[in-house]
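Input: a single structure, listed below in structure tokens.
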Amino acid sequence: MPAYILRRLWQMLPTMAGVVLLVFILFNWIGGDPAYLLAGKMSDAAEIENIRRQLGTDQPMHVQLWIFVKQILSFDFGNSWSTGEPVSRIIASRLGPSLTVLIPLTVLETTIGIALALAVAFVRGSLTDRALMLACTVGMSVSILVYIIAFQYALAYKLGLFPVQGWGSGLGENLLRYAALPVLIGLAVSIAPTLRLYRSFVLDEVQQDYVRTARAKGLPERRVMWVHVLRNAAIPIITHVMASLPALLIGAFLLERFFGIPGIGREVILAVERSDFPVIKAITVVVAAATMVFNLLADLLYKAVDPRVQLA
């Protein structure tokens, strides 16, 4: 196992190098001259040249690339252009609020999705199964903005069950008070596609020969579904969960924006509005690295769920 982990980490280096090179090209060649963005319309040539010198953009491209690589290796991406705060500190401070929403949402979505998928598999092809799939289709057709506005108006504004928006200073307060409604909305939005996907995973396993063999041996249907089918369906489920985690950090920007949660997604939107390239570049690299790490964790979980899986 340690040899496999080291080999996978070594294989990540070319991918990460490609991501770094692509980000550098996009923001330095296609993104335009940042000195003009920072100086404003009423600046003169001397001021623009001074800003270029401070940013290091007056250096040759290979020197700028090496500076960018050193920033990544040291996790020191410089300062934000709009606030002057160190970018690494921004990411570290915004990660906590995002995870406060992301972790409960992922746990609830996965647990409920698996339980419902197995329950639906018991009655596959029945009227209940068809009605649930129709409800999932309708739920997936509704925009997340509709869910946010409806839940925020009904549960927060009218009934006062949750705060309309805001964020506290303690983990318990944020988790139980401020993050509860965003998690509920995220669950309402994601449970329909999750159920449909997990149901297809379970039904694929139900049709396998080992399931027919287990039933022929007289095993109870509950044991067949919850032990044999679930263990094999867990592999694509793990793939789906691990692949979606990095994207959720950015994808939850609407929830963070509407509820005033100071997370990564909200910070990305603010950085784009302000043309704050250091923040955008740093978050892009961090999300790319997180994606590769979660893919590695998914493979390790495969082995933990089913020891017969051969890691290559």
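Observations on the structure shown:
- Prolate/oblate/rounded call for the chain, Cα gyration tensor, a/c under 1.5 rounded: oblate
- Near the amide H of N79, within less than 5 Å, lie the amide hydrogens of V87, all on another chain or at least 5 residues away, with H placed in the peptide plane.
- Dipole of the chain, positive end: most advanced residue of A288, C136, V164 [Cβ charges, Cα centre]: C136
- Tensor-based shape of region 140-261 (alpha-carbon gyration tensor, a/c under 1.5 rounded, otherwise prolate or oblate): prolate
- With Cα atoms, 0 to 90° folded angle of helix 2-25 axis to the chain main axis: 50
- Angle of helix 230-251 to the longest C-alpha principal axis of the chain, folded into 0 to 90 degrees and rounded to 10: 30°.
- Note that region 203-308 presents 47 Å² accessible area per residue, ligands and nucleic acids not counted, probe 1.4 Å.
- Karplus (6.51, -1.76, 1.60) ³J(HN,Hα), θ = phi - 60°, over region 268-274, in Hz, Gly and Pro reported as x: 4, 4, 5, 5, 5, 5, 9
The values are calculated or read from the model by the stated rules, or taken from the named source; none is laboratory data. Since the structure is predicted, the reported quantities are computational estimates derived from the model, not experimental observations. With ideal geometry, Cβ positions are generated from the backbone for all residues, glycine too; neighbour counts draw on all protein chains shown. Just the protein is used for accessible areas: all its heavy atoms, side chains included, with ligands, DNA and RNA removed. Shrake-Rupley method; radii C 1.70, N 1.55, O 1.52, S 1.80 Å.
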